[in-house]
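Read-outs throughout are calculated quantities, based only on the coordinates presented, and are distinct from any laboratory measurement. In this text the structure is predicted, and so the values were computed from the model without any measurement.
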Amino acid sequence: MNFLAILLQTLGFVPSIITGVEGLFGNRTGIEKKDAALSFLQTALSMSTAVAHRDIVDQDKFKEGLGKVIDGAVECLNASVWAKAK
């Protein structure tokens, strides 16, 4: 499977990862929860393998982009009934 397909498939798990992190780290700061979510995403993407295969050429920018995806997903979830159900 090419890297784009793996990336898009993994991004589909972002809401579930955020929900899981919120359940596990609900009393922690937003930054700590975001770092945990990033860690889960990076593992799911096998980022070290992608860097080694040159699928990711700028690891810092890629991580920054994943952070923006997480921020956007959290913003969407907080604006939905998901946030009100808590």
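Worth a mention:
- Residue-span extension gain [Arg28 to Asp71] - 0.36 nm each, minus C-alpha spacing: 13.9 nm
- Extension gain, Ser39 back to Asn78 (0.36 nm per residue minus Cα-Cα distance, nm): 11.9 nm
- Over the chain: helical MRE at 222 nm, DSSP H runs n ≥ 4 each giving -39500 (n - 2.57), nearest 500: -23500 deg cm²/dmol
- The Cα atoms of the range 3-84 define a convex hull whose projected area, averaged across directions, is 5.3 nm².
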